[in-house]
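These notes concern the structure reproduced below.
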Amino acid sequence: MKKDLIPINPYTIQQALPQLKIIYYSELASTNPCAKQLLLTSNTDQIQVVITSHQTGGYGRQGRTFSSPATGGIYLTLAIPLTDQELVAPGLITTAAGVGVVRTLTMTLKQKAQIKWVNDVLVAGKKVCGILTEVVLDEETNQVRGIVLGIGINYLSQLSDFPPELHDRIGTLAQAAQANHCSSTNFTIALLTQVLTALKERTQPALMAEYRQYSVVIGHEVTLNLGNQKITGRVQDINDQGELVLTSGAVFSAGEVVKLR
């Protein structure tokens, strides 16, 4: 398998995961906005999953561009209906998803992966996956309709598919996928299975203990980007709410680690 250019098979995924509603597009601007619209317009408690192999307008934290090459990537978003009562520590959705991704990489590709708080999964120090969680509000009622959980994987993409300025920071799973004969479809089934399992465990201390084992920031000095503000400090822990705790005692529920020492 030199490079799997066979499109993800949504029918196979749907058969494997009948509890979900699978919606596939060969090309889409971005899966998160599509999933948001589903939450706002669908009257269902079922988790719906929007999947594409090519995003033309993918985005990450703070609206930054998320590079999504036309071949080889797996881009999906879970539209998860939630009530206000269930929306406890939404950051745990992101941390649980990270654990689910790491479990999938270990199980299917035999890869040792790490998590850079809050939403990047790394293999050999390079980013192979980004996670973006967004709360969806009904603008008319201002009530929470749910959460969209976006996951972008550099699966069979080649490094040359990405802009040169990203080559020192990102990696792909193409070599591992080929060595383990794992198609994009089979990987997606495994990924959704593991993420759903981790989401059910997200309030359990054991899941956060597992997350800490994968953390690449605990014990290291980091620079944290908080919009217009940058804070530098040593990471003491990730607490049970998925928040970053510095040795200074400062606690952060959001932000981006831009430097790691």
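List of remarks:
- The listed residues are Ile189, Ile147, and the only one of them that is in contact (Cβ under 8 Å) with a residue 60 or more places away in the chain, within 30 Å of Gln37 (Cβ to Cβ) and assigned to a strand (DSSP E or B) turns out to be Ile147.
- None of Gly150, Gly146, Gly130 is in contact with a Pro (Cβ under 7 Å, 6 or more places away or on another chain) and of a type outside the set (Phe, Trp, Tyr) except Gly146.
- Residue selected from segment 125-142 under the condition assigned to a strand (DSSP E or B) and charged (D, E, K, R), by the criterion modelled with the lowest pLDDT: Glu134
- Members of segment 221-237 that are over 16 Å from Ala254 (Cβ atoms) and surrounded by 14 or more Cβ atoms within 10 Å (Cβ to Cβ): Glu221, Arg234, Gln236, Asp237
- In this entry, Gln194 passes the filter for residues that are assigned to a helix (DSSP H, G or I), touching a helix residue (DSSP H, G or I) at 6+ places or on another chain (Cβ under 7 Å) and not small (Gly, Ala, Ser).
- Being surrounded by 18 or more Cβ atoms within 10 Å (Cβ to Cβ), at pLDDT 85 or above and within 22 Å of Tyr155 (Cβ to Cβ) is a property that Ile74 has.
- Look at (1) over 19 Å from Leu39 (Cβ atoms); (2) exposed (fewer than 13 other Cβ atoms within 10 Å of the Cβ) and you find that Thr141 fails only one, number (1).
The values are calculated or read from the model by the stated rules, or taken from the named source; none is laboratory data. This one's a predicted model, so the numbers in the text were calculated from it and none came from an experiment. In this analysis, Cβ positions are derived from the backbone assuming ideal geometry, glycine residues included, and neighbour counts consider all displayed protein chains.
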